[in-house]
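Q: Got a structure for you, written out below as structure tokens; questions coming shortly.
The values are calculated or read from the model by the stated rules, or taken from the named source; none is laboratory data. Keep in mind that what you see is a predicted model, and the values were worked out from it rather than measured. Cβ coordinates were reconstructed from backbone atoms using ideal geometry, including for glycine residues, and neighbour counts include every protein chain displayed.
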Amino acid sequence: MGNTTQQKAEKKPLNSVALLFFIIVFAAILTYIIPAGSYNRVLLNGKNVVDPNSFKFIAATPASLFDIFVAVPSGMINGVSLLIVALLIGGGLGCIQEAGALNVGISHVIQKMGTSKGNIILIFLFYVFALMGGFMGFIEGSIPFIPIAISIAIGLGYDSIVGVGVAMLGAISGFTCGPTNPFTVAVAQTIAGLGIYSGLELRIVMFLIIPAICLTYLLLYAKKVKNDPTKSLIANVDVSDLAFNAETFKSKPFTTAHGIILTTLIIGICFYVYGSINWKWSIIHLGAIFVIVGIISGWCSGLGINGTTETFIKGASTMTGACFIMGVAYGISWIFTKAHVLDTIVYFLARPLSGLSPSITAVGILIVIAIINLFIPSGSGKALIVMPIVLPIAQIVGIESQVAILAYQFGDGLTNLCTPLLGVLLLALGFGRVPFSKWEKFIIPLVLVLFIVAVIFMVIAISIGYK
């Protein structure tokens, strides 16, 4: 009897890849229920956007049984850029870890601050991610730091959910209310014909409040886990090998080689940020930077050509599980795209917004965008499809375009915290070995709180005539 109880208690949650595959099956079934449809695309302010009055139903092309399996490799092909970059980042980080630069450097920081000040370290890391997300729209740009955040969190006595939360809650909460987010605010304001980054003041206030709420929620969970590890949502998941143990590196000196390696890493990341802003660099360039970082790390640590190559490949291999998760996730959107039902989903979700009061319409836009985000996670891509439809509706009921864009921001950002289609989130969960079901249990209460906060901000924006 006791053994049976123990087996039930230790029952493992459904593997993330299996869960995503079942979602692909469900998506395929939906293609037989949702009719195929399409909007025409037109050029507006240099952007290829939908014509809101052009929707038409087209011949149905539902997913076949074989399409369910084709969706897996097709999804991987669609997400190939992110998958390749993840492998290259893993390789570069593997070389850095082999050299010991990060371990020794972090060890010295923790020794000076003490593990008792773990909250200070978490707060610092959280706001690094929040600033990247809020002002540069960098969710993908946080990828190199996610394994570091997880290792530090576990080493400080927390679990890997805390490490993932530091990175993802920080980046996504900043992205959601981003004062100068180029992927949501800039694109949506361009479509609406507004000045880029106009209405900055309210978004600054949002940036001061919303990430702080997320951080408070995370710290409360972290405190609970540190006081009683059995209360961790992933108490049965072994992440001991991911932990950073400061005592192991306590006696090791921080050498010139370590300094060169970390300086190269920092310069590389800064160079990528500058290139993204000024030279339109993509995530591919981040992968190239980590190839350079890996080579320099191998050279500084004396690994030689073969040793550096082997270490790089070994580091890349640690990312294969996370990459597989991302690839399968992209298969879900591939199913919907092939069956031509994404435009239909947008059409039916937007129709009920007509004829409502301004406040209800604004909240309705938020909800519609949040639902659509489950199918189209791309912030800028979604804006090109949705904003030409919701902006006329907003104008008819007397809502300022700036308010509609604010609703779009919230809708796009909130469900990024819980959608199984956001590749970076799945990558982070893969890094920390956090089952998607456990992450959902952790994050859903916070998403509900943030939704209420978003509605309050929407009401305030309407009442002050936010322009």
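Q: From ILE148, ILE123, ILE172, which residue is modelled with pLDDT of 85 or more and either assigned to a loop (DSSP other than H, G, I, E, B) or more than 14 Å from the chain's Cα centre (by Cα) (or both)?
A: Answer to the check: ILE123.
Q: Can you work out which of the residues in region 368-385 that are at pLDDT 75 or above and buried (at least 19 other Cβ atoms within 10 Å of the Cβ) is farthest from the chain's Cα centre (by Cα)?
A: VAL368
Q: Right, next: Can you name the residue in region 42-51 that is at negative phi and under 28 Å from the mean Cα position of the chain (by Cα) and is also modelled with the lowest pLDDT among such residues? Lay out the reasoning, then the answer.
A: The initial filter retains those residues of region 42-51 that are at negative phi, namely 42-44, 47-51.
Filter once more, so that each one left must be under 28 Å from the mean Cα position of the chain (by Cα): 47-50.
Numbers: LYS47: 64, ASN48: 68, VAL49: 71, VAL50: 74.
Here the answer is LYS47.
Q: Could you please give the count of residues in region 280-291 that are in contact (Cβ under 8 Å) with a residue 60 or more places away in the chain and surrounded by fewer than 23 Cβ atoms within 10 Å (Cβ to Cβ)?
A: 6
Q: For region 1-41, give me the residue count where each residue is at pLDDT 90 or above and assigned to a loop (DSSP other than H, G, I, E, B).
A: Residues flagged as at pLDDT 90 or above and assigned to a loop (DSSP other than H, G, I, E, B) within region 1-41 amount to 6.
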